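Trainee: Right, I'll just put the structure down here and ask away after.
The values are calculated or read from the model by the stated rules, or taken from the named source; none is laboratory data. Fair warning: this is a prediction, and the values are worked out from it, not measured in the lab. Methodologically, a virtual Cβ is constructed for each residue, glycine included, from the backbone with ideal geometry; neighbour enumeration extends over all protein chains shown. Note: areas computed on protein heavy atoms with side chains; ligands, DNA, RNA excluded. Shrake-Rupley method; radii C 1.70, N 1.55, O 1.52, S 1.80 Å.
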Amino acid sequence: MLYVVSTPIGNLEDMTLRALRLLREAEVIVAEDTRKTGNLLKYFGIPKKPFLSLHKFNERRQIAKIISLLKEGKRIALVSNAGTPLISDPGERLVKEAYKEGIKITAVPGACAAINALVLSGFSTKRFLFLGFLSKKRNLRLGELRKAKNTKATLIIFESPFRIKRLLEDLAEVFGGKTKVAILREMTKVYEEIRIGLIEELKDSLEEKAKGEITVVVEDER
């Protein structure tokens, strides 16, 4: 059986009891970064397990091996570096292939940066669209934003701290500087930071080299 296990996005106290139990019971753990997951297991006193790495560079190659183990009846837990697997993280191909092979799958709910950011933004939760990481090429990124603008939904975007200013400039071009956004950095961690305001106010107030994981929520005022 394949268990898709959510882990904390920052604060380790957000780990669920069920996730801890299943990681202890798993015979193999599939992880995006085996070192980070190894540290997580060590923190919670979970004995070392056989690991298989699964990331965007080896996903296609590793899936056959994982499916083979699942067919042997192994209990396998899939985790990402943080949060809910598959959400802008590897694992989607594995889950699809497992279903094709008739393998039973269940998910262990837990922390998700996108939902956490939406809740903290104070914006409408009635209809929202998760865009994940936008294209690094500006023309494509602007096209993605223009298309999203027509959805009439609160938007949730992941961004690198090194590109956050460029994203805000693009948002201002597509949505206008008077659009309200929430910028959430290092959620659940010691230095959690939440900034809410107009794009034109926030885009010039960010540090030149912001650090940490960043999620941007764009308000839909219609």
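Trainee: Using a Gaussian network model of the chain with C-alpha springs under 10 Å, which one of 188, 106, 34 is most mobile by mean-square fluctuation?
Mentor: Among 188, 106, 34, the largest mean-square fluctuation in the Gaussian network model of the chain belongs to 106.
Trainee: With only Lys, Arg, Asp and Glu charged, each at its Cβ (+1 for the first two, -1 for the last two), find how big the charge dipole of the range 68-196 is about the Cα centre; round to the nearest 20 debye.
Mentor: Numbers: 25 positive and 13 negative charges, 88 e Å.
Charge dipole, the range 68-196, about its Cα centre: 420 debye, nearest 20.
Trainee: Of all DSSP beta bridges in the chain, what percent run antiparallel (nearest 5)?
Mentor: DSSP beta bridges in the chain are roughly 45 percent antiparallel.
Trainee: Right, here's the next one. With labels modelled as points extended 7 Å from the Cα through the Cβ direction, what inter-label distance (nm, one decimal) is found for residue 25 paired with residue 129?
Mentor: According to this spin-label approximation, the distance is 4.0 nm.
Trainee: What part of the accessible area of the range 11-101, given as a whole %, is carbon or sulfur when the probe is 1.4 angstrom?
Mentor: On the way: 2650 of 5320 Å².
Looking at the range 11-101 in its full context, I get 50 percent from C and S.
Trainee: Another one. I need the GluC sites (Glu not before Pro) found in the range 6-80, filtered to DSSP loop residues with at most 14 other beta carbons within 10 Å of theirs.
Mentor: Working: sites: 13, 25, 27, 32, 59, 72; in loops: 27, 32, 72.
Answer by residue number: 27, 72.
Trainee: What does the C-alpha gyration tensor say about the overall shape of the range 1-113? Classify as rounded when a/c is under 1.5, otherwise prolate if a/b is larger than b/c, or oblate.
Mentor: Because a/c hits 1.5 or more and a/b exceeds b/c, the range 1-113 counts as prolate.
Trainee: Okay, next question. Within the chain, which is the longest segment that contains none of the chymotrypsin sites (Phe, Trp or Tyr not before Pro) sitting in a DSSP loop with at most 13 other Cβ atoms within 10 Å?
Mentor: Longest stretch, sites excluded: 58-161.
Trainee: Of 130, 79, 113, which is farthest on the positive side of the dipole of the chain, counting Cα position, with +1 on Lys and Arg Cβ, -1 on Asp and Glu Cβ, and the Cα centre as origin?
Mentor: 79
Trainee: If you don't mind, another one. For residue 35 and residue 137, FRET efficiency with R0 = 30 Å and r from the beta-carbon atoms, rounded to 0.05?
Mentor: 0.45
Trainee: May I ask what percent, to the nearest 5, of DSSP beta bridges between residues of the range 105-222 are antiparallel?
Mentor: Numbers: 16 of 21 bridges.
Once the DSSP bridges in the range 105-222 are tallied, antiparallel ones form about 75 percent.
Trainee: Rounded if a/c is under 1.5, else prolate if a/b beats b/c, else oblate: with a ≥ b ≥ c from the C-alpha gyration tensor eigenvalues square-rooted, which is the range 33-95?
Mentor: Note, shape of the range 33-95 comes out oblate.
Trainee: Pairs 56/180; 48/137; 42/211; 49/137: which exceed 32 Å Cα-Cα?
Mentor: Listed pairs above 32 Å: 56/180; 48/137; 49/137.
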